[in-house]
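Down below is the structure, laid out as structure tokens.
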Amino acid sequence: MSNSNFTRRGLLKTSAMAGGALAMPTIFSGAAWGAGYMNEPTGSTVTLGFNVPQSGPYADEGADELRAYELAVEHLNGGGDGGMMNTFSSKALKGNGILGKKVEFVTGDTQTKSDAARASAKSMIEKDGAVMITGGSSSGVAIAVQGLCQEAGVIFMAGLTHSNDTTGKDKKANGFRHFFNGYMSAAALAPVLEARYGTDRTAYHLTADYTWGWTQQESIQAATEAMGWQTANNVLTPLATTDFSAYVAPVLNSGADVLVLNHYGGNMVNSLTSAVQFGLREKQVNGKDFEIVVPLYSRLMARGAGENVKGIFGSTNWHWSLTDEGSKAFVKSFGEKYGFPPSQAAHTVYCQTMLYADAAERAGTFNPCGIAQALEGFKFDGLGNGETEYRAEDHQCFKDVLVVKGKDNPTSEFDLLEIVEITPRAQVEYAVDHAMFAGGDLGSCNPGA
Amino acid sequence: MDVILLQLLNGLDKGSAYALIALGLTLIFGTLGVVNFAHGALFMLGAFCAVTVQRLLSISFETIDPDKVDFLGNPAKVKTPYVESWFGPEMGGAIVDWSVPIAILFAIPIMIAIGFIMERGLIKHFYKRPHADQILVTFGLAIVIQEVIKQFYGANPIPTPAPDAFKGSFDFGVLLGFDPNAVIYPYWRLVYFGFAAIVIAAVFAFLQFTTFGMVVRAGMADRETVGLLGINIDKRFTIMFGIAAAVAGLAGVMYAPINSPNYHMGMDFLVLSFVVVVVGGMGSLPGAVLAGFMLGILESFSSMNVIKSIVPGIDQIIIYLVAIIILLVRPRGLMGRKGVMED
């Protein structure tokens, strides 16, 4: 009779533990992700797909994004002055491409239309062998392309997308967003609005009738009501609206003393212009000066609105006038190459390219699952927004948010916004299961092949 | 009552733009029989005439200001418009400030010339072709013009402010015995309405009281007979195309301060203006003006919150809804003539 302590179950357990222990060091090396994946680069180059609006209403933002992408590729391949690679806290990038492969890129035109954006992303993945897709200037487009990348099995590094849904109910395991969102804008703005305009205010909202507008409005209404403001009305305006006079005209009779324009791009320019033309800013209601708020600002759009933005509060993801080392390095690189400062759209896509490249270097692979794991929970600094973290649970970057104001006395055509406050990350952070972000499932990463 | 008055003003203002564009469209259709889908692009070109004049008047020379730095930390370049150095800061500043009204003088010959080139260079080759061909070629032309403008001016809206003298709004409420601020309306939009009324009156007077206009009207009624009388009606119709282009262009120039011009603005107005023409009656000039104001006012009233709370989204469909009803009841439109587009 055998007196051995070995049992079948024990042997299996021990084997599994030993196997796991042996495998542990390689989880963070390329060997772990050696299995086939979509568009695995086999030659001396790796192709990235830049999917930006090259036509349509956001073409100027797309053009600025493309400039930043080209600059990022130049820096990754060792050209130029290295830009934010020099200030980035992670030192995995060496200026020799990504994982020793020279970075090449293809571009697609989203036209700010979901179907066109999906078609161009699909073409770049299937025909050009792009291993990562990035870009966009609209949440509708970003969510559509993110879904496609999840199905195709490539990483999507979102560009300018501000809807809560991108990393909320529509979040995907293969998608990552560096840009901030509607909730963060509201959380940053509310205390500043309270300090400037008080707690006894009534707001009237005009809201772009699509995913970004809805979530932005919901966020800012909740934040302002929490500090005592009332909401007189929320009027949804179709995205195609160009003349907002019919929507602006009833505002003064509504009893509201603040107009919140949940508009972006051409909508923002036109609605703000209408509001200023109607003389709202010179009026007094309820014994108080009438005020206008634009929760999401863009310098490119502020230029379109001209003098109308003066003194109006809003928020932005980044601004070229920041004085941290990362921002200064990026502005210098971009400014010397193109002759003008970069926009927030340019900044976020440059960061996204660097973050992807860095994650690939740290993971030792282009496998989307390896890169996703390297990005999840990744903490970094030196990219212009202070200490930042890619939260693992929803793939949203958490960082400081800028509250800005249209500058009263601009010194140049680029000097349109002034930073009022850098709101610390802790103030704009929220729980993963927050009601405004609930309903989605991150799922698991898809490596494609 | 004050809300109704406010939306009435809004409707008149919107209707002004619709009526001006529809008037030009009808002039072209009535004279040349061409359905011109590039007409919205002419409106947009007019707005960009204002942008161009503003830029020309703002052309500056640069001097280095050692006390200031640019965004890269280099000594800043300070721009001074030439007009300010020529006429002094006050006068030069006023010239730049009035660039939109000045652009009217610039836009009239430019738009007439563009109209001539369009008609002689392209559209005349399609007179005898089916309407579908005309629509395709003019629509294609509109897209080409759009893309050319985008190439030169970018895709974002370009602020083109009205003169400082017209900033702010007029308080009708005080005038009519309502509370202050109850009915306010921007000065420039009132100017736009007045300007549209003058242009429309001028076009009608030109057609009604000049020999040239009489011949054109005769040609619109019976082109063949007028031709048999030895009158070169084609030449006059070409001139009318130029005038129609100028009307659209002027509508665009004056619209520039209302909504910052962008390359796409013509398309935004085009479809609505066609509906206006169809509702007014193809080929009827008074019909186009009447329908323009009527649909502008209806659109404005339908965007009132109280109306939208009863029928959500009504403001987006009201024009088309009314168009369907009118075409069902009066297939030729409000003031359409027998025989137009019916052969």
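Quick note: the coordinates plus some simple rules give every number you see, no bench work behind them. All values derive from a computational prediction rather than experimental measurement. For neighbour counting, all protein chains shown are included, and Cβ atoms are generated from backbone atoms with ideal geometry for every residue, glycine included.
Under 5 Å between amide hydrogens, built in the peptide plane, is the criterion, and for residue A:259 it picks out A:204, A:291, A:292, A:293 among residues at least 5 positions away or on other chains. Debye calculation, C-alpha points only, no solvent: report log10 I(q)/I(0) for region B:3-64 at q = 0.30 Å⁻¹, in the same order as the q values. Debye curve over Cα of region B:3-64, log10 I(q)/I(0) at q = 0.30 Å⁻¹: -1.12. The phi-based Karplus calculation (6.51 cos²θ - 1.76 cosθ + 1.60; θ = phi - 60°) puts the 3J(HN,Hα) values of region A:105-112 at 9, 10, 10, x, 10, 6, 6, 6 Hz, whole numbers, x for Gly and Pro. Cysteine residues of the protein assembly as shown whose C-beta has no other cysteine C-beta under 4.7 angstrom: A:149, A:351, A:397, B:49. Near residue A:241: Cβ cut-off under 10 Å, other residues only, Lys/Arg at +1 and Asp/Glu at -1. The net charge is -4. Straight-line reach from residue B:68: taking Cα to Cα under 20 Å and skipping same-chain neighbours fewer than 8 places apart, the aspartates and glutamates in range are A:336, A:408, A:413, A:415, A:418. Averaged over the residues of A:233-246, the number of partner chain Cβ atoms lying within 10 Å of the residue Cβ comes to 5.
Taking 0.36 nm per residue of sequence separation and subtracting the Cα-Cα distance, how much length would be gained by fully extending the chain between residue A:289 and residue A:418, in nm to one decimal?
Extending this stretch completely gives an extra 44.3 nm.
Each part reduced to its alpha carbon centroid, region B:237-309 and region B:206-226 end up 25 Å apart.
Would you order B:26, B:63, A:207 from fewest to most other beta-carbon atoms within 10 Å of each residue's own beta-carbon?
Details: B:26 27, B:63 10, A:207 23.
The order, fewest Cβ neighbours first, is B:63, A:207, B:26.
When only the Cβ of Lys, Arg, Asp and Glu is charged (+1, +1, -1, -1), the dipole of chain A relative to its Cα centre reaches about 1080 debye.
Under 12 Å from the Cβ of residue B:30, count the other residues' Cβ atoms, weight Lys and Arg +1, Asp and Glu -1, and hand me the total.
Details: positive: B:217, B:223, B:337; negative: none.
After counting each charged neighbour, the total is +3.
Sum up the charges of everything whose Cβ sits under 13 Å from the Cβ of residue B:269, counting Lys and Arg as +1 and Asp and Glu as -1, but leave residue B:269 out.
On the way: positive: B:14; negative: A:243, B:268, B:299.
Summing Lys and Arg as +1 and Asp and Glu as -1 gives -2.
Pairs from the list A:102/A:171; A:172/A:405; A:332/A:407; A:407/B:14; A:113/B:79 with a Cα-Cα gap above 28 Å: A:102/A:171; A:172/A:405; A:407/B:14; A:113/B:79. For region A:78-107 and region A:293-372, write down the distance between their C-alpha centroids in whole Å. Comparing the Cα centres of region A:78-107 and region A:293-372, I get a distance of 17 Å.
The coefficient of translational diffusion for region A:78-156, derived via Stokes-Einstein from the alpha carbon Kirkwood radius under 20 °C and 1.002 mPa s, stands at 152 µm²/s. Take the Cα pairs of region B:51-173, get the Kirkwood Rh, then feed it into Stokes-Einstein at 20 °C and 1.002 mPa s and tell me D in µm²/s. The estimated diffusion coefficient comes to 115 µm²/s. Of the peptides B:248-259, A:39-50, the order by per-residue mean of other Cβ atoms within 10 Å, starting with the highest, comes out as B:248-259, A:39-50. Binning the alpha carbon pair distances of the protein assembly as shown at 20 angstrom intervals from zero yields the distribution 15, 43, 31, 9, 2, 0, 0, expressed in whole percent.
Go ahead and estimate [θ] at 222 nm for the protein assembly as shown from helices alone: -39,500 (n - 2.57) per DSSP H run with n ≥ 4, summed, over the residue count, rounded to 500.
Working: 27 runs with 401 residues, N = 792.
That calculation yields -16500 deg cm²/dmol at 222 nm.
Straight-distance candidates among the aspartates and glutamates for linking to residue B:167, with alpha-carbon spacing under 17 Å and chain neighbours fewer than 8 residues away dropped: A:282, A:307, B:13, B:97. Per-residue Karplus couplings for region A:334-341, computed as 6.51 cos²θ - 1.76 cosθ + 1.60 with θ equal to phi - 60°, are listed in order as 5, x, 6, 7, 10, x, 8, x Hz, Gly and Pro entered as x.
With the cut-off at 18 Å, tell me which of the pairs B:124/B:235; A:91/A:379; A:310/B:150; A:379/A:399; A:101/A:122 have Cα atoms farther apart than that. Write out the running numbers ahead of the final one.
Working: B:124/B:235 11 Å; A:91/A:379 13 Å; A:310/B:150 27 Å; A:379/A:399 10 Å; A:101/A:122 23 Å.
Exceeds cut-off: A:310/B:150; A:101/A:122.
Within region A:183-316, DSSP assigns beta bridges of which about 10% are antiparallel (rounded to the nearest 5). Inverting the pair-averaged 1/r between distinct Cα atoms of chain B gives 21.8 Å as its Kirkwood hydrodynamic radius.
Please check: in the Gaussian network model of chain A (C-alpha springs, under 10 Å), which one of A:271, A:254, A:185 has the largest mean-square fluctuation. Result for chain A, Cα springs under 10 Å: A:254 fluctuates most. Residues whose amide H comes within less than 5 Å of that of residue A:174, counting only those at least five positions distant or on another chain, are A:446 (H built at 1.01 Å from N in the peptide plane). For chain A, modelled as a GNM whose springs connect Cα atoms under 10 angstrom apart, the maximal fluctuation among A:191, A:341, A:238 occurs at A:238. Residues A:75, A:347 in ascending order of nearby Cβ atoms (within 10 Å, fewest first): A:75, A:347.
Pull up the DSSP beta bridges for chain A and report the antiparallel fraction as a percent, rounded to 5. Walk me through the intermediate numbers first.
On the way: 17 of 55 bridges.
Beta bridges within chain A, antiparallel portion: roughly 30 percent.
The Rg/Rh ratio for chain A is 1.04, where Rg is the radius of gyration of the alpha carbons and Rh is the Kirkwood radius.
In sequence order, region B:317-328 has phi-based couplings of 10, 4, 4, 6, 4, 5, 4, 4, 4, 5, 6, 6 Hz under the Karplus curve 6.51 cos²θ - 1.76 cosθ + 1.60, θ = phi - 60°, and Gly or Pro positions carry x.
In units of the rule-of-thumb radius 2.2 N^0.38 Å, region A:183-316 shows an alpha carbon radius of gyration of 0.93.
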